[in-house]
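Peer 1: Sharing a structure here in structure tokens format.
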Amino acid sequence: MSRPSGWWRGKSTPAKVETYTRWSFHFFAVIEAFSIGLPVFGNVSTGRSWTLFLLVCGHSVFCAVTASQALDWTRGTREQPRRTLLALAVSTCAVAVVGALVSGTPWHPASDDEYLVASSVLVGVTAFGTGTVALGTRDTRRMTYAVLGAAAGAGALSLPLGFPGPAALITAVLVLLTAGFLTFTAAFSVWLLGAVYELDEARETRARLAVAEERLRFGRDLHDVMGRNLAVIALKSELAVQLARRGRAEAVDQMTEVQRIARESQREVREVVRGYRDADLANELVGAQGVLTAAGIDCDITGAAAELPAQVQSALGWVVREATTNVLRHGDARRCALSLRVTEERVTLTVENDGVPDEAGPGPGPDGDSGQRRGTGLVGLRERLGEVDGVLRAGASGGVFRLAAEVPLPASPARDRDRHRAGPGDGPGHPPGDSPGDGPRNGPGDRDPDSGNGERRRKSSSPSSVPRQAREATP
């Protein structure tokens, strides 16, 4: 990755939540070591201070290891760590008792500081241990029993350790509150992590169902288009075979009809596929902004796609879709800008992002990204834009990758009249819109009395001797 943040951005949302949950429980171990282990220095003698500090640090590390294994169990990647949980429970009791003994309260008249150290070790170690053990069970009743048992045990253990009655009661209440809070935190974290994974799975399932539904719709459309035509082709072919065996001239008529139906089927299939693969520019812009924003990329869109021809919108919609995919897959962008500029003669779509990969070169060549197969990536975009006489330019410069698509707009009658009236190439003796030296030109909708003859002349002058119907039927 070009930046360290790419490690975090490369994770899915459930993976981010799981990483955050794991490191939160690891941070609990750090809190235990610093909040319980460090205050012992200065309150008890140096030798006992280091003993207590090492005991608390060892218990905190054990809690972190147990939390990691318990989270693995909740995700289904390992079996329930029963032995580890039991060992943590036993070590929690042992550290709490040993910590109170080392503090000196049971065996000599203790000062207020020593009582404070003993109570903090007893309460803190018991609470953190109980909260970590709660990660290893999904039964709420067992969690409640663990918290109540820890509070009662801490209160009962305080009396023989030299705590006065009121201090023992306060210790039990503190253990109840802190252990209950940490247990609730553990249970809620596990529930939230499971909910996030379930939502992600539900989203993937919905996406698969949408794809399956679209495949069914596409298959249904193909069946409606091809079912009847193929049945007719099979019937007429069989009839032509029978007629040919009898030497009847009608076999040629039947095969001609088969040829016509086959060409008609080919045209209908192309229309179905074209309609299936059309992309609406406005919807693609909205979808791109939503996807990029969800991925943590600041997306800015300028311009509107209103009143553009359907073919232009479809071609530019595929450019937006492919550009969005490239931003998400091939870079580490923080910002992406999509600009749509419409003039009288052309429409320009520009996509810029600052997530240029380290291995990115100066940009693709004239044929696009040769590493991708034909019909995909930039090559596929050039093919689609070529159908509407558009061009595609892409390349990286100054840490910014820029992709620009330009598509000419078809001339409207009003625009043609204005151009004919005030065109710079117009002059006396020349037809409107023609410059000196230009030959006769006919637009797509212009016709002249000899247009039919010209069409026949073009057909007759073709170097190919293959009939036009056969050439059209050839893919």
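The values are calculated or read from the model by the stated rules, or taken from the named source; none is laboratory data. Just so you know, these numbers come straight off a predicted model, no measurement behind them. Cβ coordinates were reconstructed from backbone atoms using ideal geometry, including for glycine residues, and neighbour counts include every protein chain displayed. What goes into the accessible areas is simple: the full protein's heavy atoms, side chains included, and nothing from ligands, DNA or RNA. Shrake-Rupley method; radii C 1.70, N 1.55, O 1.52, S 1.80 Å.
Peer 1: Can you name the residue in the stretch 101-110 that is part of a loop (DSSP other than H, G, I, E, B) and small (Gly, Ala, Ser) and, of all such residues, is modelled with the lowest pLDDT?
Peer 2: My answer is 110.
Peer 1: How do the helices (runs of 4 or more DSSP H) wholly within the stretch 1-100 filter down when requiring 3 or more residues that are polar (S, T, N, Q): which remain?
Peer 2: Correct list: 13-32, 46-74.
Here is a yes/no grid of residues against (1) surrounded by fewer than 19 Cβ atoms within 10 Å (Cβ to Cβ); (2) without any contact (Cβ under 8 Å) to a residue 60 or more places away in the chain:
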position: 142; (1), (2): yes, yes
position: 145; (1), (2): yes, yes
position: 151; (1), (2): no, yes
position: 161; (1), (2): no, no
position: 167; (1), (2): yes, yes
position: 178; (1), (2): no, yes
position: 206; (1), (2): yes, yes
position: 210; (1), (2): yes, yes
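Peer 1: Within the group 64, 29, 33, which residue is farther than 21 Å from residue 190 by Cα and either touching a Lys or Arg at 6+ places or on another chain (Cβ under 9 Å) or small (Gly, Ala, Ser) (or both)?
Peer 2: After ruling out the rest, the residue left standing is 33.
Peer 1: Can you run down the residue pairs with Cβ atoms below 6 Å, 6 or more apart or on separate chains, where the first is in the stretch 240-255 and more than 20 Å from residue 229 (Cα to Cα) and the partner is open to solvent by 60 Å² or more (accessible area, probe 1.4 Å)?
Peer 2: From residues that are more than 20 Å from residue 229 (Cα to Cα), the pairs are 243/250.
Results for (1) surrounded by 14 or more Cβ atoms within 10 Å (Cβ to Cβ); (2) modelled with pLDDT of 85 or more, shown as yes or no for each residue.
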| site | (1), (2) |
| --- | --- |
| 223 | no, no |
| 226 | yes, no |
| 244 | yes, yes |
| 249 | no, yes |
| 254 | yes, yes |
| 258 | yes, yes |
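Peer 1: Just to be sure before I move on: is residue 321 at pLDDT below 80, closer than 25 Å to residue 12 by Cα, outside any loop (DSSP other than H, G, I, E, B) and basic (Lys, Arg) in the structure I sent? Quick ask: steps written out before the conclusion?
Peer 2: Values: at pLDDT below 80: no; closer than 25 Å to residue 12 by Cα: yes; outside any loop (DSSP other than H, G, I, E, B): yes; basic (Lys, Arg): yes.
It is false that residue 321 is at pLDDT below 80, closer than 25 Å to residue 12 by Cα, outside any loop (DSSP other than H, G, I, E, B) and basic (Lys, Arg).
Peer 1: For the stretch 127-147, give me each residue that is at pLDDT below 90, part of a helix (DSSP H, G or I) and among the polar types (S, T, N, Q).
Peer 2: The answer is 140, and nothing else.
Peer 1: Just the residues that are open to solvent by 10 Å² or more (accessible area, probe 1.4 Å) and among the small types (Gly, Ala, Ser), please, taken from the stretch 378-390.
Peer 2: 386, 390
Peer 1: Going through 4, 81, 39 one at a time, which residue ends up being surrounded by 13 or more Cβ atoms within 10 Å (Cβ to Cβ), more than 21 Å from residue 171 (Cα to Cα) and either modelled with pLDDT of 80 or more or within 43 Å of the chain's Cα centre (by Cα) (or both)?
Peer 2: Of the residues listed, the single one that is surrounded by 13 or more Cβ atoms within 10 Å (Cβ to Cβ), more than 21 Å from residue 171 (Cα to Cα) and either modelled with pLDDT of 80 or more or within 43 Å of the chain's Cα centre (by Cα) (or both) is 81.
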